[in-house]
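Undergrad: Handing you a structure now.
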Amino acid sequence: MKPYHLSLALFAATLCLCESYTLRNSWAVASNDAVSEEEAAPAVIVDNSGLWKQAYPPLVLQDGAEKPKESGKSKTEDAAPVSSASRVFSYRMEEMKAPASAPSPPPHQETARTARYMAHYSDWGHLATISTQDKIKGLPFGNIFSVSDGPKDNSTGVVYFYVTPMDNTVADLRSFPFASLTFSEAEGDFCRQQMYDPEDPRCARLTMTGKMVEVNPEEVEFAKEAMFSRHPVMKKWPVEHNWFFMKLELTQVWLQDWFGGVSLIPLEDYFKATPY
């Protein structure tokens, strides 16, 4: 290469190195290039009529995050019709208060009280049924359900559910109404604080087996208070899904909360105990 060609190449490389760059959207662009705010911070949710736009209002954005520029149009002009499916998860954020921390669990020797404690302070559990689905007919099928055994200050030990006939589990129960409901202490903070693995016997597991029945009319108001006080968003779930209340009539209470085997808790002891 001739000397003057080498000089020109070195000069061009120096100019490139001196020009400042900024990082936008994981791409390096020259700082003097125009980048629109929409390009720099694309909206997390782009489906204006989709389920998740209703589920996650702007309040969930982290502090300090760039927000899309508001257009001059009114919100009502651009708003797409919201389907009933979207409304399933549509609610004001202030209604979803952080759940109060549960008190420390009872001593592991108090098995009936531990079972009541778990049934009362668990917000959800795993319900196992015998499937009616074509490909797994007759096999076990598990599903997650929100539950409540009463408002926070009124534990009954009877676990209530708010369900729809559209759920595969409900179809299973109409064919064979017996089921097992499992809770794990790993749902709360206790096992994490103690650094217990969810399968560690000291991280308690409770399985309640019995018959799932529809709540009778005289009990519906209490079931509604039990569920809606613990899961307020349920009040806004679409009525066309024909929601109704069920409860678990107990046959057996199985608990593992320590080393050395499991406890089968007599129902009388279970209902006598208190979770508080």
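Derivation of every value follows stated rules applied to the coordinates shown; laboratory data play no part. Please read these numbers as outputs of a predicted model, since none were measured by experiment. Every residue, glycine among them, receives a Cβ derived from its backbone with ideal geometry; neighbour counts consider all protein chains shown.
Undergrad: Sequence gap at least 6, Cα distance under 8 Å: using those rules, report the relative contact order of region 111-272 to the nearest whole percent. Display every interim value, and only then the final one.
TA: On the way: 319 pairs, mean separation 43.3, N = 162.
So the answer I get is 27 percent.
Undergrad: For region 201-250, what's the relative contact order in percent, using C-alpha pairs closer than 8 Å and at least 6 residues apart?
TA: Numbers: 31 pairs, mean separation 30.6, N = 50.
Relative contact order of region 201-250: 61 percent.
Undergrad: Please list 3J(HN,Hα) in residue order for region 141-149, calculated via the Karplus relation 6.51 cos²θ - 1.76 cosθ + 1.60 where θ = phi - 60°; whole Hz, with x for glycine and proline.
TA: Rounded to whole hertz, the list is 9, x, 8, 9, 9, 6, 9, 6, 9.
Undergrad: Go through K152/K236; K247/K272; K152/K247; K211/K235; K135/K224 and tell me which ones have a Cα-Cα distance over 24 Å in this structure. Walk me through the numbers before you get to the answer.
TA: Details: K152/K236 21 Å; K247/K272 19 Å; K152/K247 17 Å; K211/K235 26 Å; K135/K224 35 Å.
With Cα atoms farther than 24 Å apart: K211/K235; K135/K224.
Undergrad: So what J values fall out for region 172-180 if you push phi through Karplus, 6.51 cos²θ - 1.76 cosθ + 1.60 with θ = phi - 60°, rounded to Hz, Gly and Pro as x?
TA: 4, 5, 6, 8, 8, x, 8, 7, 10
Undergrad: For E225, project a label point 7 Å along Cα to C-beta. Then give me every residue of region 135-176 with its amide nitrogen under 19 Å of that point.
TA: Only 147-162 fall inside the zone, counting backbone N under 19 Å.
Undergrad: How much length is gained on full extension from I144 to K235, taking 0.36 nm per residue of separation minus their Cα-Cα distance?
TA: On the way: separation 91, 0.36 × 91 = 32.76 nm, distance 1.88 nm.
So the extension gain works out to 30.9 nm.
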